[in-house]
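Structure record follows, encoded as structure tokens.
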Amino acid sequence: MFSLKDKVTVVTGGGSGIGQAIAHCFSDAGAIVHVLDLNPEGGAAVAGEIRAAGGRATFVDCDVSQESSCDAAAQRVLSENGGHCDVLVNNAGIGHVGTIMTTTGADLDRLYAVNVKGVLYMTRALLPAMLERRWGSVVNMASIGGIVGIRDRLAYTATKFAVVGITKSSALDYAETKVRFNCICPGRVETPWVQARLREYPDPKKAYEEMAATQAQRRMGRPEEIAAATLYLAVDESAFVTGSALIIDGGLSAGK
Ligand SMILES: NC(=O)c1ccc[n+]([C@@H]2O[C@H](COP(=O)([O-])OP(=O)(O)OC[C@H]3O[C@@H](n4cnc5c(N)ncnc54)[C@H](O)[C@@H]3O)[C@@H](O)[C@H]2O)c1
């Protein structure tokens, strides 16, 4: 129902998991998709899958933690699309396990560089093009760990609370333009990231059940469920939505 016909879109971390599902969903809605990723194999594979299905997609090599890399990627997107970019999804992110006693300054710097500075650099590189056309949607992938604390995830939650803050402040700064800023706060979603974590446990099946049970619905989310919400925030039907942190967590944060 929602259309992104001929819209120029950018999805960071589009080479895996949630970003991959968003790239496919945007293409199915008619968008021109740019898959930005640090991992050339994953990114190129997703762009290839979309083209094979009849869509328009390009892989662009980008490390969002490096300002020069974001600027170069944005330049490429803009130069190949008449200076236009309509939708930016800042989805690339990394995790870390640790408490206040086991998280080092270097751990925090590493997560901050990708999860927070990545949002800043990529948005700064593409926002002027959106402002010029007076239309745009920026969707940041935060986490339920940007709304409530998570045990043993100090650095991760610190960065995701920051993503929610960036989203809300930017929504206010640009509220009178037609460029909107929103973020999504997923609970646990079954992606290669989560699958890799599960393989670290002695009994991955038991670990899966325990992870699933942290959601009130006692299941993990699917990447496609996050992609559908991202599409909603990208299109004009959500024009009155800005500064929101959309929780999609199977009831995890609803209460005990
Ligand atoms: N999976 C979950 O349970 C979950 C829950 C809440 C929020 N999130 C958030 O969703 C986003 C995607 O998570 P996912 O589970 O799909 O992860 P994933 O690991 O499956 O995919 C992440 C992608 O980002 C890319 N990436 C990592 N660092 C990058 C960098 N510096 N520059 C460019 N690309 C980079 C990776 O190569 C990978 O393709 C993250 O921001 C994550 O914090 C995930």
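The values are calculated or read from the model by the stated rules, or taken from the named source; none is laboratory data. The model shown is predicted, which means the values in this text are computed figures rather than measured ones. Neighbour counts run over all protein chains shown; Cβ positions are idealised from the backbone, glycine included. Ligands, DNA and RNA are stripped out before the accessible areas are found, and what is left, the full protein with its side chains, is counted by its heavy atoms. Shrake-Rupley method; radii C 1.70, N 1.55, O 1.52, S 1.80 Å.
At 1.4 Å probe size, put TYR121, TYR174, TYR112 in order of accessible surface, largest to smallest.
In descending accessible area the options line up as TYR112, TYR174, TYR121.
ILE248's amide H: which non-local residues (gap 5+, or another chain) put their own amide H closer than 5 Å, with H modeled 1.01 Å from N in plane and none for Pro or chain starts?
Those qualifying (amide H under 5 Å, at least 5 residues apart or on another chain) are CYS185, GLY187.
Using the structure shown, select from LYS5/LYS168; LYS160/LYS205; LYS117/LYS205; LYS117/LYS168 the pairs with a Cα to Cα distance greater than 25 angstrom.
LYS5/LYS168; LYS160/LYS205; LYS117/LYS205
Where does the charge balance sit around ALA45 when Lys and Arg score +1, Asp and Glu -1, over other residues with C-beta under 12 Å from its C-beta?
With Lys, Arg at +1 and Asp, Glu at -1, the net is -2.
With a 1.4 Å probe and all protein chains left in place, how much accessible area per residue does the chain have, in Å²?
47
Region 95-140 to region 1-58: how many Å between their Cα centroids?
If we compute the Cα centre of each part, the gap is 20 Å.
Within a Cβ distance under 15 Å of ARG124, other residues only, what is the Lys/Arg minus Asp/Glu net charge?
Within the 15 Å Cβ shell, the charges total -3.
Roll a 1.4 angstrom probe over the protein heavy atoms and tell me the percent of accessible area of the chain that is carbon or sulfur.
Within the chain, the accessible surface is 55 percent carbon and sulfur.
State the antiparallel share, in %, of DSSP beta bridges confined to the chain, rounding to the nearest 5.
Antiparallel: roughly 0 percent of the beta bridges in the chain.
If Lys and Arg each add +1 and Asp and Glu each add -1, what is the summed charge of the other residues whose beta carbon sits under 13 Å from the beta carbon of SER16?
-4
Pull up the cross-link candidates among the lysines for LYS7, meaning alpha carbon to alpha carbon under 23 Å and not fewer than 8 places away within one chain.
LYS178
If you average the C-alpha positions of region 164-181 and of region 192-207 separately, how far apart do those two centres end up, in angstrom?
If you average the Cα positions of each part, the centres end up 37 Å apart.
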